[in-house]
Each structure stands twice: as C-alpha cells, then as structure tokens.
Amino acid sequence: MSVRTGAADCPPGPRHAWLVAGSHGEPAGSVAVTGSVAPAESGDAAVPVDVVGLVADAVLAAPARLGRVRVLAVDGPSGSGKSTLAGLVAAELRGRAVATVLVPTDHFATWDDPVAWWPRLVNGVLRPLAAGRPGRYQRVEWPGGLPRLGEWVAVPVPRVLVIEGVSAARAAGAALLSRSVWVELADPDLRLARAVARDGENSREHLRRWQEFERGWFAVDRTPDRADLRLVPRDRGASTGVD
C-alpha cells in the first residue's frame, strides 16, 4: 500500500534478472534478459521486456472468467515491484490494441484497512463487469496524510482487467482470475528500503507494521501457492523501487 509522494524523476534502474516458476513454485527455468525498459515511475527498477511479454501472453491465452473479461492479478509483498510490472503489462496489452484497465489496490487500502475493503471492489467493479456493464469506485485519497474517500473512478468494460497490489489474488476472488502473478523480492529489508524510498521516511513505521500484517495474510490466504507465475527479482543491486 502506498502514499504517492511525487518524487523527482530518476534515471532507469539497473537491468533485472528474474527467476520464473510455474504454479505451486515448480521451476520453469530462467527468462533470458534481452533488454530493460525505463521505469514506470520514479525510483522503479527496470523490468525486462521479455517478462512483460510473457505475462501479457499468459493472460491472453487464458479463458475469461469474469463474464467476457480476463482478470490478471499481480500480488506479492510490498516493495517487490508489483506496480512496475502491472503498469508495463497494461501498457503492453494496450499496445497490442487490447482494451485494458488497471485497478491498484492502493485505491482501496489504508494502513488501518489493509484488506477488508474487498466488497467495495466486488460491488463497484467485479459484479458490473461480469454483467457486461461499466463499473466505478471511489478511490482513497490522502489529503494531509490522512485517508478519505475521494474522486470516483470509472471502469469501462475491458478485455483485460489488471488488479495490482497486496491481496489482489486473494482466495475469495481466485475463481474469477484468468491468471495470477506472484512477485516477491526475497530480502524483507530491501523491500522495506524500497517502500520507504517510495513513500517517505515518515512512513517507515507504518510500512514495518504493514510488512508484519502481509506476512500473516499471505500465510493464511496461501496466495503464492495458487499463483500461475512466480517472478523473483534476482538483482540485489537495485536499492530503490516501488511496490
């Protein structure tokens, strides 16, 4: 969960290597790094183009399970690179003329409500799209650093809906997903450093508590066990990034 701070633009991060595994963690080999792309947001680490294409191909090859909409969930611990990957996959799909909508869980979650907001997404977005109707939801905004419901966000009926963030691939919605991707940077200290670089030093204690919560959540929900793809950044040289 992030509170965007509008940091100055940074140059592209170093090339990343990713270990790619299938569902339940079976090794599926390493994806060759053929190049990298510029960050989607300030501080983002670069993501290999081939990984972006791999995820895009996977969701397009899967059946639609939300009416005619294919749903891709990008989940994993904060600070692992989910937002970067999800944004690039959405851009890749749109570049292929595939109508795509990206909904971050940051538009719903707060420090005090990490996951219980789910019915708002179901009622405002998932149910209408399943019926072939546009959806909408009221996003969380942070004036003065405090959360409140802000502007309404319209969600047209897409061919692909990307849901990104902690709990995006939760068990409660698993039957609706065409594909789920688990992204996890293994080192929790590095994840925390990346998240603090993104959200600001005054968020450090909130982020520590968030890490404790998400560890328990993922253990109970068993989110990584259901993932169709597990992406693990292997380059520990990237010291900053975003969730």
Practice item. Among what's in the range 153-176 and is open to solvent by 20 Å² or more (accessible area, probe 1.4 Å), not small (Gly, Ala, Ser) and not in a strand (DSSP E or B), pick the residue that is nearest to Leu60 (Cα to Cα). Key: Arg159
**Study point:** Residue count, the range 83-108 (criterion: modelled with pLDDT of 95 or more and among the polar types (S, T, N, Q))
**Key:** 2
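Condition first: aliphatic (A, V, I, L, M) and under 23 Å from Ala56 (Cβ atoms). Now tell me which residues in the range 129-152 satisfy that.
Passing the criteria: Leu129, Ala130.
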Practice item. Output the residues belonging to the range 85-110 that are over 27 Å from Val232 (Cβ atoms) and assigned to a loop (DSSP other than H, G, I, E, B). Key: Ala97, Ala99
Review point. Taking the range 106-116 only, how many residues are in contact with a helix residue (DSSP H, G or I) (Cβ under 8 Å, 6 or more places away or on another chain) and open to solvent by less than 10 Å² (accessible area, probe 1.4 Å)?
Key: 1
Review point. Residue check, Thr240 against (1) farther than 20 Å from Pro114 by Cα; (2) under 17 Å from the mean Cα position of the chain (by Cα); (3) crowded, with 19+ Cβ neighbours inside 10 Å; (4) modelled with pLDDT of 90 or more, all met but one. Which one?
Key: (4)
Review point. Is there a residue in the range 123-135 that is under 16 Å from Leu72 (Cα atoms), open to solvent by 30 Å² or more (accessible area, probe 1.4 Å) and in contact with a Ser or Thr (Cβ under 7 Å, 6 or more places away or on another chain)?
Key: no
Exercise for review: Output the qualifying pairs, or none if there are none: Cβ atoms under 8 angstrom, residues six or more apart or on different chains, first residue in the range 57-74 and within 16 Å of Leu85 (Cα to Cα), second residue of a type in the set (Ser, Thr, Tyr).
Suggested key: Val59/Ser178; Val71/Ser178; Leu72/Ser178; Leu72/Ser180; Ala73/Ser180; Val74/Ser180
Review point. If you check every pair at least six apart or on different chains, which have Cβ atoms under 9 Å apart with a residue in the range 192-219 that is closer than 17 Å to Thr105 by Cβ first and a residue that is modelled with pLDDT under 80 and open to solvent by 70 Å² or more (accessible area, probe 1.4 Å) second?
Key: Arg198/Arg4; Arg198/Thr5; Arg198/Glu41; Asp199/Arg4; Asp199/Thr5; Ser203/Thr5
Review point. Quick one: Lys82 ticks every box in (1) over 26 Å from Val232 (Cα atoms); (2) open to solvent by less than 10 Å² (accessible area, probe 1.4 Å); (3) out of contact with any helix residue (DSSP H, G or I) (no Cβ under 9 Å at 6 or more places or on another chain) bar one, so which box is it?
Key: (1)
Practice item. For the range 115-132, enumerate the residues that are over 17 Å from Val160 (Cβ atoms) and of a type outside the set (A, V, I, L, M). Key: Trp117, Trp118, Pro119, Arg120, Asn123, Gly124, Arg127
Revision key, fill the gap. Looking across the range 58-82 at residues that are more than 21 Å from Pro156 (Cβ to Cβ) and of a type in the set (D, E, K, R), the single one that is modelled with the highest pLDDT is Asp75
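The values are calculated or read from the model by the stated rules, or taken from the named source; none is laboratory data. Keep in mind that what you see is a predicted model, and the values were worked out from it rather than measured. Every residue, glycine among them, receives a Cβ derived from its backbone with ideal geometry; neighbour counts consider all protein chains shown. In case anyone asks, the SASA skips ligands and DNA or RNA and just uses the protein heavy atoms, side chains included. Shrake-Rupley method; radii C 1.70, N 1.55, O 1.52, S 1.80 Å.
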